[in-house]
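Input: a single structure, listed below in structure tokens.
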């Protein structure tokens with residue numbers, strides 16, 4: 001499955017939440033999120049532009065593989081996800097495959113909404129202003145909601161979270177394993 005996403009920086013959270021609710025968005029998650037990245041000892045995945053992430057979303061877990069990014073107006077890459085209620089077995093499987101924890105994000109607060117097949121994530125770290133991530137099936141669909149929320153395509157960034165931290169001249173909130 002293709003992940004197509006953009007970010008809009010320095011948002012007014014209350015205003016965005018109000019606009020999303022007015023547009024018929026359904027709130028699907030609010031809570032703290034922790035990301036743990038895995039790779040082989042030789043950092044083979046990282047060197048190929050790929051990522052393997054175990055994410056804690058409240059009391060659930062999500063394992064995500066992300067392929068290499070494609071160039072364009074949005075961040076586009078192959079993405080595959082599975083969900084778990086217990087992370088112990090998946091951590092053991094990853095370890096048995098020779099993968100190890102390489103980085104762990106400090107906790108961020110996230111509020112997630114969905115309209116149709118488009119997700120809206122409001123991410124709030126302590127060191128940088130809150131931002132909005134819009135993820136959908138196509139750039140065209142994302143553009144529709146960028147405009148609907150009162151933004152223009154000049155407002156969007158195809159940033160990763162690391163790029164967002166770099167934009168503000170801050171160190172990414174990682175804890176080395």
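Looking for whichever is assigned to a loop (DSSP other than H, G, I, E, B), touching a residue at least 12 places away in the same chain (Cβ under 8 Å) and either buried (at least 18 other Cβ atoms within 10 Å of the Cβ) or over 18 Å from the mean Cα position of the chain (by Cα) (or both) here; the options are 134, 128, 90. Which one fits?
Details: 134 fails: assigned to a loop (DSSP other than H, G, I, E, B); 90 fails: assigned to a loop (DSSP other than H, G, I, E, B).
So the residue among 134, 128, 90 that is assigned to a loop (DSSP other than H, G, I, E, B), touching a residue at least 12 places away in the same chain (Cβ under 8 Å) and either buried (at least 18 other Cβ atoms within 10 Å of the Cβ) or over 18 Å from the mean Cα position of the chain (by Cα) (or both) is 128.
Would it be correct to say that residue 152 is over 21 Å from residue 49 (Cβ atoms) and touching a helix residue (DSSP H, G or I) at 6+ places or on another chain (Cβ under 9 Å)? Lay out the reasoning, then the answer.
Numbers: over 21 Å from residue 49 (Cβ atoms): yes; touching a helix residue (DSSP H, G or I) at 6+ places or on another chain (Cβ under 9 Å): yes.
In short, yes.
If you check 17, 28, 76, 6 for being more than 19 Å from residue 111 (Cβ to Cβ) and either in contact (Cβ under 8 Å) with a residue 40 or more places away in the chain or touching a strand residue (DSSP E or B) at 6+ places or on another chain (Cβ under 7 Å) (or both), only one passes: 76.
Is there a residue being on the phi < 0 side of the Ramachandran plot, surrounded by fewer than 12 Cβ atoms within 10 Å (Cβ to Cβ) and assigned to a strand (DSSP E or B) anywhere in segment 36-58? Checked against the condition, which is being on the phi < 0 side of the Ramachandran plot, surrounded by fewer than 12 Cβ atoms within 10 Å (Cβ to Cβ) and assigned to a strand (DSSP E or B), segment 36-58 yields no hits at all. Quick check on residue 120: is it at pLDDT 95 or above, under 13 Å from the mean Cα position of the chain (by Cα) and within 30 Å of residue 15 (Cβ to Cβ)? Here the answer is yes, as residue 120 does meet what is asked.
Scanning segment 141-167 for residues that are farther than 17 Å from residue 13 by Cβ and assigned to a loop (DSSP other than H, G, I, E, B) returns 152, 158, 159, 160.
The values are calculated or read from the model by the stated rules, or taken from the named source; none is laboratory data. Here the structure is a predicted model, which means the values were calculated and not measured. Cβ coordinates were reconstructed from backbone atoms using ideal geometry, including for glycine residues, and neighbour counts include every protein chain displayed.
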